[in-house]
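Heads up: the structure comes next, in structure tokens.
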Amino acid sequence: MTDFKRDGSHLASCPPVEKWDDWVELDPQAWPRRVEKHYQLVPTVCFNCESACGMLAYVDKETGQVAKFEGNPMHPSSRGRLCAKGPATINQIHDPDRVLYPMKRIGERGAGKWERTSWGEVLDTFATRIRKAIQEGRGEEVMYHVGRPGADFFMERVLQAWGIDGHNSHTNVCSSSARLGYLLWHFSDRPSPDHANARFILLLSAHLESGHYFNPHAQRIIDGKMAGAKLAVMDPRLSNTASMADYWMPTYPGTEAAVLLAMAKIILDENLYDAAFLKDWTNWGELEFDGFSANGQTFEATIDALKKHYAQFTPQFAERESGVKAEVIVKIAREIASAGSRFASHLWRGSASGNLGGWQPARALVLLHALTGSIGTEGGHSLNHWNKFVARPFKNPPPQAHWNELLYPPEWPLCTHEMSFLLPHFLKEGRGRIQAYFTRVFNPVWTYPDGFSWIEMLRDEEKVGLHAALTPTWSETAWFADYVLPMGFSSERHDLMSQESYAGRWIGFRQPVNRVLRERAGEKFEYTYQANPGEVWEEDEFWINLSWAIDPDGSMGIRQYFESPYSPGRKVTLDEYYGWMFENSVPGLPETAQKEGLTPLQYMRKYGAYEVNRDVFKQNEKPLSETELSGTNREPNGVITRQGKPIGVMINDEAVVGYNTPSRKLELFSKTMADWKWPEFTLPEYYRSHIHRGAQAASLGATQEFDPKYTPRVEWPKDARGEVYTLLPIFRLPNLIHTRSGNAKFLYEISHKNPLWVNPEDAKKLGNIRTGDLMKVHTEIGYFVLHAWVTEGLTPGVVACSHHLGRWRISKDEQVERMSSAWVDLQQVGKGQWKMRQLESVLPYDSPDADTKRVWWSDAGVHQDITFPVHPDPISGMHCWHQMVRVEKAGPQDRYGDIFVDTNLSFAVYRRWKALARPAPGPGGLRRPLWIPRVVRPSDSAYYFK
Ligand code: SF4
């Protein structure tokens, strides 16, 4: 593939920019007649996953309607290509069931009665409550809880302007464990592999078909393969990605770190490591383990001690744990070593998100990069903050001085993100309450574990005072809100985004297509909802207006951040907000725009994206300037500090920036782990997962290979029967988007079933079950019933069920889209006991879209997540998704889609897992290490217990 070029010449078949104002295509509807259609093409950015690929909206010049979305060739990350979910945006914007006006609950919460309200009433209601909470010092009772952010920095700034510690996210059900593994090494909590230039690529996931930044990454993995790179995939499932690989390693779930450490042992034992890199760039001199101290020792003696430490991870041990053949492990280890600095890898969810101790595979994986010197190199592993560019707006508020323990409670001082999935349990324990709760592109009743605990919390007005769901569509969670506020899809809003999707830095500009076009034609709009369908708004303008409503006269110090930088005292417009950033905080953009006679804002509106730079490798080696060095100290270990804070390090007599860790080097040895009560994990190790075979045996009464200090015991509900298995519940289907694809008919036509994958060996054990048989899967808190799919594409001893499917609605004809949800009878049959039964599955129906009459599928899948208890990892705080389950054939009373859950049991499981944690305070009375990042970081003083 030809790489991205700023003039767009890399994609010859895409419309050239000079024709975007009048692009002509033949109308496919008119075929066989040759009828020309004229389009205006407007760039925007896809919002259907985090990748932020560039799209072009094709606006029919005759109707003024968007007719389709295709790739934007001027976007440096996606390079004109989209996955199936990008073009399906057209279904979302034309969805006849979408929310078009702000809606307000009438009657009881969850009763499903709504009336239309105005944006003015919404702003007044929330502003009054929020103002009072802030003025009375109860700012932590205001919470913004986001699923898919879709923007960089906007909300962080809003919350800091309000002075509250109120940002909650979904990250602890997504990627916290992988993040912890990465950040303990080098501060950056995400990997940024240079797949295109790699010689060997190792994926611990189905990354070629789904997963993080998957369209931009998949293109580059294929670039790498076409240039000769080998691909290895570690996954218990034979995914489409594994089927494209040179090596498939079907590991038993949770044993990935054992395999990676066995590879590290081979590279160490056979002296295949990059000694110069290890010596210069890891903190080997601080190592202390097994009674050995590197202090005063030579590098060689330290390597010998490491060899002894990892001696237990023989390929045979790894084979016993994982099921992957020892000779395959040896072969791949040698290939990785021979790729050297051109070894790339990716781990994001999968083993990290599924398992207790899931941060250890990430640590073990970076150990392979440290050994091969493939960090920050072309074709290697890089750091996300080297490859991502976040532009800063004018006038930024100071950090908040508060610490909200509903977000960062003391039990999990090393959690990378907010402990969001425990919120119902925290409120049940009386840790606080919420006065104003905003959920945004967030559907925890459906996407989180333990959804019935969320329903119990959301229905309780004592716990949650006022709840607004900011969402383009109805959802299981919005049903229990007080207000449902329609927000735009990707062609109906502004956002600025960047991601570390390749070896370069870029920004992508999402814009409201109708508004942009109509303003080009001379119309003027005060707000985007005036140009969008109905009164669909966009968050940026909503938050600016809410901030003004909270502080109308500026006396609270909030309004100043939402005034025009060009005309203080006047409300900032989005042209000014983004225009100022493009003029002042994106290097090179003003000059590039000027060459075309455009302002920076006009340039971004025209092209939709801008590549900032490609000079991204080895940023750790950047020398410190004389100015940067003035007033600093040099510590005995070579670290350069200013006022006690590390800012650089001496390497071979040169003062360089290094990494953002306390040692300014890669932390092979984590003193942080020792300081925070986990001295047994200062090195990358193998943590046996909660679904390890030893834990499975323990659930049936055995005690071998089970240490209650690290693994909570499973207590089965009394009616749970059947064989014990590990359930993999988190693999993605490439064409669905959690709950947001429910209104994308193109996507649901492709995928609408989530059967239980069962290996033929297990099918036999379970009583010769066959594809289509009804199975009952018992979790620790309930059960669900679904069909079996017998397949060899899964390792034995494991069953699997995909993410995304099993949407439901309580009302027959309203709310969650009828093409993607079952109508259910939901009953509370006892205190905390919930039963759901499908009354009617998917059927064709009448609507303004004639295609809804043509719906031919009848299945919406089965909702499994709601039957899972919460599993907070004691260190990363991640919800460990894999489930130990008991599987049996369904009985005569069971029906497809049946669900039962007891939330009393889920609270008990929460407490068993919480007991593993080792709470703060840490050194000096800290709540959390100062060097570890935090979303919307408060002032340093807030980090200390008062
Ligand atoms: S990968 Fe697909 S869904 Fe994600 S941003 Fe790109 S086109 Fe959209």
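Since every read-out is calculated from the coordinates, none of them should be taken as a lab result. Keep in mind it's a predicted model, so treat the numbers as computed, not measured. Cβ placement follows ideal geometry from the backbone for every residue including glycine, while neighbour counts extend to all protein chains displayed.
Quick notes
- Note on K914: aspartates and glutamates with a C-alpha under 14 Å away, same-chain residues under 8 apart excluded, are E411, E429, D873.
- Computed E for D849/A301 - FRET, C-beta separation, R0 56 angstrom, nearest 0.05: 0.20
- Extension gain, A702 to N652, is 12.5 nm, computed as 0.36 nm per intervening residue step minus the present C-alpha separation.
- Label-point separation, E715 to S555 (7 Å along Cα→Cβ), nm: 5.5
- Within a straight-line Cα-Cα reach of under 20 Å, K395 can be paired with the following lysines, leaving aside sequence neighbours fewer than 8 residues apart in one chain: K571.
- Using Cβ point charges alone (K and R +1, D and E -1), the dipole size of the range 882-946 about the Cα centre works out to roughly 420 debye.
- Anisotropy class of the chain from Cα gyration tensor, a/c 1.5 cut: rounded
- Antiparallel DSSP beta bridges within the chain, percent to nearest 5: 65
- On the basis of the beta-carbon distance and an R0 of 45 Å, L598 and K765 show a calculated FRET efficiency of 0.10.
- Distance from the alpha carbon centroid of the range 318-345 to that of the range 63-116 works out to 44 angstrom.
- Rounded if a/c under 1.5, otherwise prolate or oblate - the range 8-81, Cα gyration tensor axes: prolate
- In the range 760-860, trypsin sites (Lys or Arg not before Pro) in a DSSP loop with at most 15 other beta-carbon atoms within 10 Å: R770, K812, K831
- Taking each DSSP H run with n ≥ 4 as -39500 (n - 2.57) and averaging over every residue of the chain yields -7000 deg cm²/dmol at 222 nm.
- If you plug the beta carbon distance of K308 and R334 into 1/(1 + (r/R0)^6) with R0 = 22 Å, you get a FRET efficiency near 0.55.
- Point-charge dipole on Cβ atoms (K/R +1, D/E -1) for the range 789-829, about Cα centre, debye to 20: 60
- Subtracting the Cα-Cα distance of R520 and N904 from their residue separation scaled by 0.36 nm leaves 132.4 nm.
- Nearby lysines by direct alpha-carbon distance to K265 (threshold 18 angstrom, same-chain neighbours under 8 apart not counted): K279, K307, K308, K325, K331
- In the range 543-637, a dipole from Cβ-located charges (positive for Lys and Arg, negative for Asp and Glu) runs towards its positive end, and of L624, W580, Y603 it is Y603 whose Cα lies farthest in that direction.
- Alpha-carbon centroid distance for the pair the range 649-715 / the range 809-846, whole angstrom: 43
- Loop sites in the range 497-577: trypsin sites (Lys or Arg not before Pro), DSSP, at most 16 other Cβ within 10 Å: K524, R570
- Cα centroid separation, the range 413-472 to the range 494-524 (Å): 32
- Positive end of the dipole of the chain (Cβ unit charges, origin at the Cα centre): among Q696, H195, L268, the Cα lying farthest that way belongs to Q696.
- In a DSSP loop and with at most 11 other Cβ atoms within 10 Å, there are no chymotrypsin sites (Phe, Trp or Tyr not before Pro) in the range 138-169.
- Simple spin-label estimate for E136 and N396 gives 3.3 nm between the two label positions (7 Å along the Cα-to-Cβ direction from each Cα).
- Note on the chain: dipole from Cβ charges, positive end direction compared against N754, A161, V724; the farthest Cα belongs to V724.
- Segment K325-E461, extension gain: residue separation times 0.36 nm, minus the distance between their alpha carbons: 43.4 nm
- Projected label distance in nm at L826 and L930, using a 7 Å step from Cα toward the beta-carbon: 4.7
- Cα gyration tensor category, rounded, prolate or oblate, for the range 719-849 with a/c compared to 1.5: oblate
- Placing +1 on the Cβ of every Lys and Arg and -1 on the Cβ of every Asp and Glu, with no other charges, gives the chain a dipole of roughly 800 debye about its Cα centre.
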